[in-house]
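For reference, the structure is listed below as structure tokens.
The values are calculated or read from the model by the stated rules, or taken from the named source; none is laboratory data. Since the model is a prediction, treat every value here as computed from it, not as a measurement. Here the Cβ is made from the backbone with ideal geometry for all residues, glycine too, and neighbour counts use every protein chain on show. Ligands, DNA and RNA are excluded from the accessible area calculation, which covers all protein heavy atoms including side chains. Shrake-Rupley method; radii C 1.70, N 1.55, O 1.52, S 1.80 Å.
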Amino acid sequence: FGVVIATFVIGGAIYLILPLFRLDMQFLHCLLFGALIAPTDPIGVLGVLKEANVPKDLEMKITGEALFNDGVGVVVFLTILEAAQRPVPPTWLEVSTLFIQETIGGIVFGLAVGYLGFWLMRSIDNYAVEILITLAMVMGGYSLAHHLHISGPLSMVVAGLLVGNQGKKHAMSAVTEEYVDKFWELIDEILNALLFVIIGLELLVIKFTSSFVLIGLVAIFIVLGTRYVSIFLPAQSSDS
């Protein structure tokens, strides 16, 4: 809920301030920026937690929540993107149906893939094979989710949370757990490095102007304030 709230508040605020800088942008395109920036960065969250030396269980829970929020952000982004690309604006019912299909379908499919991987890993005790099972879950599961028109990222987050919690407790030996962790940590480092290289190359083709810099500075405060509100409101409702 926090990601969805932040998407619309950030998108709406950007849409309102752009005319002040003599820039015109469609509301759906502003929502795309909101969906892109609303989730917290799991990489940044993990870095802060490691520096703070928080307990391992708490680190896993917060990191898992950050990854899940990231998956929800991808679903919201793709839903708005599909709506923005249509020649005729979709109705709210169509948008809601697409979002529910991507979200609920992704969660259910992720649980199915995660349980299948958990069942396979519990039936053997060979770290090399179990690593290949986790790799097959990600590659095959993501491709199948895309074919079924449900959220691949959200499916893999749910499957990963299931295997990373129940799988480690009941399906992996200590040796397997160590090798699986090291394998995916290496994959994570490689993909993160590749991601930031691509972002750096993208900056080379962007033409910076003073208005863009000012909008960026204003957007920083909008995003930070909105994230606070988007966390505060659900937290208050859960407490009550």
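Using the heavy atoms of the protein chains alone and a 1.4 angstrom probe, what is the accessible area of the chain per residue in square angstrom?
Accessible surface, normalised per residue, equals 63 Å².
How big is the chain by the Kirkwood estimate over distinct Cα pairs, in Å?
19.9 Å
Which of the aspartates and glutamates could a cross-linker span from Lys56 if the Cα-Cα distance has to be under 18 Å and same-chain partners fewer than 8 positions apart are dropped?
Glu65, Glu177, Glu178, Asp181, Glu185
Tally up the carbon and sulfur contribution to the accessible surface of the chain as a whole percent, 1.4 Å probe, everything protein left in place. Don't jump to the answer; show the numbers that get you there.
Values: 10740 of 15160 Å².
For the chain, the apolar C and S fraction of the accessible surface comes to 71 percent.
Under a 1.4 angstrom probe, counting protein chains only, how are Ser155, Ser96, Ser237 ranked by accessible area, largest first?
The residues order as Ser237, Ser96, Ser155, largest area first.
Based on DSSP H assignment, which helices of the chain show an axial Cα extent of at least 24 Å together with a mean Kyte-Doolittle hydropathy greater than or equal to -1.0?
Flagged H segments are 56-85, 92-122, 127-147, 174-203, 210-239.
If the elastic network links every pair of Cα atoms under 10 Å, which of Ile107, Ile206, Ile215 fluctuates the most in the Gaussian network model of the chain?
The residue that fluctuates most here is Ile206.
Using all C-alpha to C-alpha distances in region 137-240, build P(r) with 5 Å bins and read off the rounded percent in each one.
2, 9, 9, 11, 13, 15, 16, 14, 7, 3, 1, 0
Starting from the Cα of Lys207, draw a straight line to each of the aspartates and glutamates and keep only those under 14 Å, dropping any in the same chain fewer than 8 residues away.
Straight-line reach from Lys207, under 14 Å: no aspartates and glutamates qualify.
Counting Lys +1, Arg +1, Asp -1, Glu -1, what net charge surrounds Gly152 among other residues with beta carbon under 13 Å of its beta carbon?
-2
What net charge do the residues around Gln101 carry, taking every other residue with its C-beta under 12 Å from that of Gln101, with Lys and Arg at +1 and Asp and Glu at -1?
-3
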